[in-house]
Amino acid sequence: MDNTEAINEQAQAHHVKPVTHRAEWVVVEKNNILQNGYVVVHDGFIIEIGKGSKSVDGPIIDHGNGVILPGLVNAHTHLELCALKNRVASQNGFLSWVQELLAQRSGFEPETLLQEAALGIDQLLSSGCIAAGDVSTMGITQELFARSPLLGIWFQEFLGSHPDKTLTCRKGPGQSISLAGHAPHTTSPELLTRLKTLSLKAKLRFSIHLAESIEEVEFLATGKGAWADFLSERGIDFSSWGIGRNLSPVRYADQIRLLHSGTIAVHVIRADETDFEILRKNGSSVCLCLRSNQALHGTLPDVPSMMKHNINLCLGTDSLASVDTLSMFDEMKFAAARFPEIPPVDILEMATANGARALGLDGLTGTLRPGELGSFPYLDLPAGNVKQLMESIAHASFQGPVNRIPA
Ligand SMILES: [Zn+2]
């Protein structure tokens, strides 16, 4: 029996009593990091946090010299594309990547896509992830996501002008089903507005890829270019979309009223200060997928400026068609290396509290405050002080083991 099994057995044997989880470090939230801390969990929820020794009527589990931290939130991924890992070349430009992705995807049986998606969920869980935003165009991962212990939102994504599936929104306590529009250069403004309206009416989130490629920028501003040709070749008529008015993607999205406090704008690479101000004013979250951006576009969004504008910034991995892993530790490490001016504690906040807020899970997870779910990772990552601890978390690309509490 290894340490994790022993701990879980103890926890299960005493499940009716509060269980105190102790570790050298407990990251409650950004400005509340406890040395020699504990988290008391009862009936699945955190009832108390504190420092030092705690005498409670119930078992105390000492996890060790590492750190208990809030579960990580991968706010944007596509589990249905896990099978495409290392199969889509990214060095020939975005348009070529999209074309290759579509061709590769159609070569797989849905069963294979699902098997690989299940392994993707395992990877999320084993790397400390508690919640995810899974975006699915094919609609095949809904059951898989629902059966997994992940919290978050499964988004049915649409593109084109006419929905080919039922528009369903279902709000649950931990897991919900909502709607996503693929992007403003692939989806008609009427359909995008309809998807956004239905999501928000159900008090859920609406997700959209926004301001990602130069092809998107050119197409929305002029109605011409490589993307216009690509759509025409695929028989998609965009003549009634009202584009070509020299608007940036963010300004266009604002004009067709897609931006809202429930909107998650994914990527936002091609944006300026005015665009950031528009996103801030609308209270939209921005989900950064930095490793994917680097692989597909060779450039990154202006993260420091977005932080100055107080935009809720969260992190996502995007799919295995553009990155090597679904680990949020790899995503944090990349962000920390590329933006050394951003304090590691802010990067961890993007991967936890901000992601939870973006998906509407704040109050349930994202921090370790009393009242939130008593489910979180423990990392065997010893540190001498808070600064070292935060640097280890953000820079270490932690490869495990991550102990899930409870397992
Ligand atoms: Zn995506």
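Each reported figure results from applying straightforward, stated rules to the coordinates on display, with no laboratory input. Fair warning: this is a prediction, and the values are worked out from it, not measured in the lab. Using ideal geometry, Cβ is built from the backbone for each residue, glycine included, and neighbour counts are taken over all protein chains shown.
For the Cα atoms of the chain, what angle does the longest principal axis make with the long axis of helix 110-126, in degrees from 0 to 90, nearest 10?
It is inclined by approximately 40 degrees.
Would you mind ranking Phe238, Phe230 by Cβ crowding within 10 Å, fewest neighbours first?
Numbers: Phe238 21, Phe230 17.
Listed from fewest to most nearby Cβ atoms, that is Phe230, Phe238.
Report the local net charge at Ala383: Lys and Arg +1, Asp and Glu -1, summed over other residues whose C-beta lies under 15 Å from its C-beta. Write out the running numbers ahead of the final one.
Values: positive: Lys387; negative: Glu24, Asp380, Glu391.
Here the charged neighbours net out to -2.
Give me the angle, in degrees from 0 to 90, between the Cα long axis of helix 273-282 and the longest principal axis of the Cα atoms of the chain, rounded to the nearest 10.
60
At a 10 Å Cβ-Cβ cut-off, how would you order Arg170, Arg369, Arg205, fewest neighbours first? It would help to have the intermediate numbers written out before the result.
Values: Arg170 12, Arg369 16, Arg205 28.
Neighbour counts put them in this order, fewest first: Arg170, Arg369, Arg205.
Nearest 5 is fine: what % of DSSP beta bridges in the chain come out antiparallel, could you say?
Working: 23 of 62 bridges.
Around 35 percent antiparallel, to the nearest 5.
May I ask for the angle, rounded to the nearest 10°, between helix 189-201 and the longest principal axis of the chain, with both axes built from Cα atoms and the value confined to 0 to 90°?
30
Would you mind classifying segment 72-358 by shape? Square roots of the alpha carbon gyration tensor eigenvalues, ordered a ≥ b ≥ c; an a/c under 1.5 is rounded, otherwise it is prolate if a/b is larger than b/c and oblate if not. Walk me through the numbers before you get to the answer.
Numbers: a/c = 1.26, a/b = 1.10, b/c = 1.14.
Verdict is rounded for segment 72-358.
Using DSSP to define loop residues, name the chymotrypsin sites (Phe, Trp or Tyr not before Pro) in segment 109-197 whose beta-carbon has at most 13 other beta-carbon atoms within 10 Å. Mind showing how you got there, number by number?
Working: sites: Phe145, Trp154, Phe155, Phe158; in loops: none.
Of the chymotrypsin sites (Phe, Trp or Tyr not before Pro), not one in the loops of segment 109-197 has a Cβ with at most 13 other Cβ atoms within 10 Å.
Give me the number: length gained by fully extending Ile140 to Ser106, i.e. 0.36 nm times residue separation minus the C-alpha to C-alpha distance, one decimal in nm. List each step's numbers first, then the result.
On the way: separation 34, 0.36 × 34 = 12.24 nm, distance 1.34 nm.
That pair, Ile140 and Ser106, stretches by 10.9 nm at full extension.
What ³J(HN,Hα) values, in whole Hz, does the Karplus curve 6.51 cos²θ - 1.76 cosθ + 1.60 give for segment 286-298 when θ = phi - 60°, with x put for Gly and Pro?
Working through the residues one at a time gives 10, 9, 8, 10, 5, 5, 5, 4, 5, 5, 8, 10, x Hz.
Normalised by the number of residues in the chain, what is the relative contact order in percent for Cα pairs under 8 Å and 6+ residues apart? List each step's numbers first, then the result.
Details: 895 pairs, mean separation 83.4, N = 407.
RCO, the chain: 20 percent.
Per DSSP helix of 4 or more residues, -39500 (n - 2.57); summed, then divided by the residues of the chain. What does that give at 222 nm, rounded to the nearest 500?
Numbers: 15 runs with 143 residues, N = 407.
Helices in the chain give a 222 nm mean residue ellipticity of -10000 deg cm²/dmol.
Using the Karplus curve 6.51 cos²θ - 1.76 cosθ + 1.60 with θ = phi - 60°, work out ³J(HN,Hα) for each residue of segment 350-367 in order, rounded to whole Hz, and write x for Gly and Pro.
Values, residue by residue: 4, 7, 10, 4, 5, x, 4, 5, 4, 8, x, 9, 5, x, 9, 7, x, 9 Hz.
For segment 251-377, what is the relative contact order in percent, using Cα pairs closer than 8 Å and at least 6 residues apart in sequence?
Working: 173 pairs, mean separation 24.2, N = 127.
So the answer I get is 19 percent.
Residues in segment 129-169 near a label at Gln115, defined as backbone nitrogen under 19 Å from the 7 Å Cα→Cβ point?
140-145
Please give me the summed charge of the neighbours of Thr141: other residues whose Cβ is under 12 Å from its Cβ, Lys and Arg +1, Asp and Glu -1. Mind showing how you got there, number by number?
Details: positive: Arg147; negative: Glu80, Glu116, Asp134, Glu143, Glu157.
Summing Lys/Arg as +1 and Asp/Glu as -1 gives -4.
Taking 22 Å as R0, compute the FRET efficiency from the Cβ-Cβ separation of Lys224 and Thr274 and round it to 0.05.
On the way: r = 23 Å, r/R0 = 1.06.
For Lys224 and Thr274, the calculated efficiency is 0.40.
Report ³J(HN,Hα) in whole Hz for each residue of segment 261-269, in order, from the Karplus equation J = 6.51 cos²θ - 1.76 cosθ + 1.60 where θ = phi - 60°; Gly and Pro get x.
5, x, 8, 10, 8, 9, 5, 6, 7
Would you please give the FRET efficiency between Ser305 and Asn32, computed as 1/(1 + (r/R0)^6) with r the Cβ-Cβ distance and R0 = 25 Å, to the nearest 0.05?
Values: r = 27 Å, r/R0 = 1.09.
Here the calculated transfer efficiency is 0.35.
Non-local amide H neighbours of Gly366 (under 5 Å, H modeled in plane, Pro and chain starts lacking H): which ones?
Amide H neighbours of Gly366, under 5 Å, 5+ apart: Gly71.
Tell me, Leu290, Leu326 in order of fewest to most beta-carbon neighbours within 10 Å?
On the way: Leu290 24, Leu326 28.
Final ranking by Cβ density, sparse to dense: Leu290, Leu326.
Starting from the Cα of Gln91, step 7 Å along the direction of its Cβ; do the same at Glu341; then give the gap between the two resulting points in nm.
Distance between the two pseudo-spin positions: 3.1 nm.
Obtain the nm distance between the two label points defined at Val386 and Glu190 by a simple spin-label model: each point lies 7 Å from its Cα along the Cα-to-C-beta direction.
5.5
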